[in-house]
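What follows is one structure encoded as structure tokens, with my remarks underneath.
The values are calculated or read from the model by the stated rules, or taken from the named source; none is laboratory data. Model, not experiment: these values are computed from the prediction. We place every Cβ from the backbone using ideal geometry, glycine too, and count neighbours over all the protein chains shown. Quick note on the areas: whole protein, heavy atoms, side chains included, nothing else; ligands and nucleic acids left out. Shrake-Rupley method; radii C 1.70, N 1.55, O 1.52, S 1.80 Å.
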Amino acid sequence: MVFTPRLTKPEAGNKYYITKAKGGWSTAIVGNPTDKDCNVLSDCVGYAFGRFNEILGDTKMTHLQPVNAENFYAVAQSQGLKTGQEPKLGAVAVWQKGATLSYTDGAGHVAVVEVINADGSIVTSESGYNCKNPFWTTTRKKGTDGNWGAGVGYKFLGFIYLPEVIEPTTPTK
């Protein structure tokens, strides 16, 4: 499978980022604030769920489930997807927020690895609930804490890997 990095917001009408109720393929919640072009943005889960399935070309959206972000990791493992601590193109990075894997102490965060730089840093594409900007990219370094640049209160759980080997369309930096 050939991998094309997504470094810009999904285009209007992209069904991976639109709920079924509005003619798309996603079963994720509507983002807040809701993006006029892709209504599962602004929300990290809606974005990562759509992006993972978009990379695979899965219009039935069978990979992962739109659950609380920090629970993506357990869902992936229950679906037989491989997980680990090293970044790979197209992988979903998962962070836990709070002490438990319950939304009662935080929703966690997810982002998608789009580029792996020669220095070991990664470029992720992401979205976030209650964020004015529905899409952005971030360059992240693992850091001595292994937390991949997440803020205080977040703990990196790992990466969820695509079920197929992918080849980049352009060399990574």
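Over the stretch 117-157, Cα pairs under 8 Å with separation of 6+ residues give a relative contact order of 29 percent.
Among Pro33, Pro66, Pro87, the residue with the largest mean-square fluctuation in a Gaussian network model of the chain, with springs joining Cα atoms closer than 10 Å, is Pro33.
Among Thr27, Ser102, Val2, whose Cα projects farthest towards the positive end of the dipole of the chain, with charges put on the beta-carbon of Lys, Arg (+1) and Asp, Glu (-1)? Looking along the dipole axis, the top candidate is Thr27. With a ≥ b ≥ c taken as the square roots of the eigenvalues of the C-alpha gyration tensor of the stretch 1-95, please select rounded if a/c is under 1.5 and otherwise prolate if a/b is larger than b/c or oblate if it is not? Cα axes put the stretch 1-95 in the prolate bin. Cα centroid separation, the stretch 44-76 to the stretch 89-141: 13 Å. Taking a ≥ b ≥ c as the square roots of the eigenvalues of the Cα gyration tensor, an a/c ratio below 1.5 marks the chain as rounded. Checked against a 29 Å cut-off, the cross-linked pairs Lys36/Lys82; Lys60/Lys142; Lys82/Lys155 give Cα-Cα distances beyond that limit for Lys36/Lys82; Lys60/Lys142. Each other residue within a Cβ distance under 13 Å of Leu157 adds +1 if Lys or Arg and -1 if Asp or Glu, for a net charge of +1.
Mean residue ellipticity at 222 nm, helices only, the chain: -3500 deg cm²/dmol; runs of at least 4 DSSP H residues each add -39,500 (n - 2.57), and the sum is divided by the number of residues. As a fraction of the 1.4 Å probe accessible area of the chain, surface on carbon and sulfur atoms comes out at 55 percent. A DSSP coil position with no more than 11 other Cβ atoms inside 10 Å describes the following GluC sites (Glu not before Pro) in the stretch 94-173: Glu164. Couplings for the stretch 31-43, taken from phi via the Karplus curve 6.51 cos²θ - 1.76 cosθ + 1.60 with θ = phi - 60°, read x, 9, x, 6, 6, 5, 9, 9, 6, 8, 9, 8, 6 Hz in order; Gly and Pro are left as x.
Coupling constants for the stretch 90-99 follow from the phi torsions by the Karplus curve (6.51 cos²θ - 1.76 cosθ + 1.60, θ = phi - 60°), and in residue order they are x, 6, 9, 8, 10, 10, 8, 10, x, 8 Hz; glycine and proline get x. Given +1 at the Cβ of Lys and Arg, -1 at the Cβ of Asp and Glu and no other charges, the dipole of the stretch 1-136 around its Cα centre is 340 debye to the nearest 20. Comparing mean-square fluctuations of Ala28, Ala12, Ala93 from a GNM of the chain with C-alpha springs under 10 Å, the top value falls on Ala12. Counted over the chain, the DSSP beta bridges are approximately 90% antiparallel. Per residue, the chain exposes 48 Å² of solvent-accessible protein surface, assessed with a 1.4 angstrom probe and all protein chains in place. Placing R0 at 35 angstrom, the Cβ-Cβ distance between Ser102 and Thr8 gives a FRET efficiency of 0.55 after rounding to 0.05.
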